[in-house]
Amino acid sequence: MNAFDLYLFRPLNSLAGSSGLFDSMVVFFAVYLLAVMLAGLAVFLLITFFPRYRHLRKENAELFIFALASAFVSRFVVAQFIRFLYDRPRPFEVLESARQIVEHSMGHAFPSGHASFTFGLAIAVYFYRPKIGVIFIAAAFLVSISRVVAGIHWPLDIISGALVGVLTAFILRALKRKYY
């Protein structure tokens, strides 16, 4: 933890516990919005079974595979490698004043796996469908910031996770263009 993390963490995390409705929204965004994003991604494939959208079948299948690849490589290769090298404690482990409203195991906070996954996914969707990609990016932001409010990540965990996701998507796109 550093001064920057504390400066941003405290006001965001202080919102937790302010109301039941707000806490429910934070929990939904922090835990379940990722599943909604994945369901949204699946819609790209499912709509191609309707005759009106059949012409999008190949491009939407490519979008689906690329977005999943970007998300999984971001989270389970890049972020996991960084976590192997650096085990950073979570806020609830080191701050007595941290309000934790989402259960989580200890350790390995840096970089945020959720941020790397959701931003890798969102940027990949943006490459194919910019207007819908903006919605995915907004969802990735909500997932990420909610994990700070919920007390399970430091702001720099989120920022670094988002950077991992974004950079991974760009690198995979460059590799795809070069070799595919």
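When the Gaussian network model of the chain links Cα atoms closer than 10 Å, the mean-square fluctuations of Ala139, Ala35, Ala162 top out at Ala35. Ordering 16-22, 44-50, 124-130 by mean Cβ neighbour count within 10 Å, with the highest value first, yields 124-130, 44-50, 16-22.
Under a model in which nothing but the beta-carbon of Lys, Arg (+1) and Asp, Glu (-1) is charged, the range 97-180 shows a dipole of about 500 debye around its Cα centre.
The base-10 log of I(q)/I(0) for the chain, evaluated at q = 0.11, 0.15, 0.20 Å⁻¹, reads -0.49, -0.83, -1.25 [Debye formula, identical scatterers on Cα atoms, solvent excluded]. Against the longest principal axis of the chain, how steep is helix 57-73, in degrees 0 to 90 to the nearest 10, with axes from Cα atoms? With both axes taken from Cα atoms, the answer is about 30 degrees. Cross-link reach is defined here as a Cα-Cα straight distance under 17 Å, omitting same-chain residues fewer than 8 places apart; for Lys131 the aspartates and glutamates meeting it are Glu59. Couplings for the range 92-99, taken from phi via the Karplus curve 6.51 cos²θ - 1.76 cosθ + 1.60 with θ = phi - 60°, read 5, 7, 10, 10, 5, 7, 5, 9 Hz in order; Gly and Pro are left as x.
I need the GluC sites (Glu not before Pro) found in the range 48-108, filtered to DSSP loop residues with at most 15 other beta carbons within 10 Å of theirs. Don't skip to the end; give the middle numbers.
Details: sites: Glu59, Glu62, Glu93, Glu96, Glu103; in loops: Glu96, Glu103.
Sites meeting the loop and neighbour criteria: Glu96, Glu103.
Packing around the peptides 63-74, 78-89, taken as the average count of other Cβ atoms within 10 Å per residue, puts them in this order, highest first: 63-74, 78-89.
Just so you know, all these numbers are worked out from the coordinates, no wet-lab data involved. Quantities reported herein were computed from a predicted structural model and do not represent experimental measurements. Don't worry about glycine lacking a Cβ; one is built from the backbone with ideal geometry, like all the others, and counts go over all protein chains shown.
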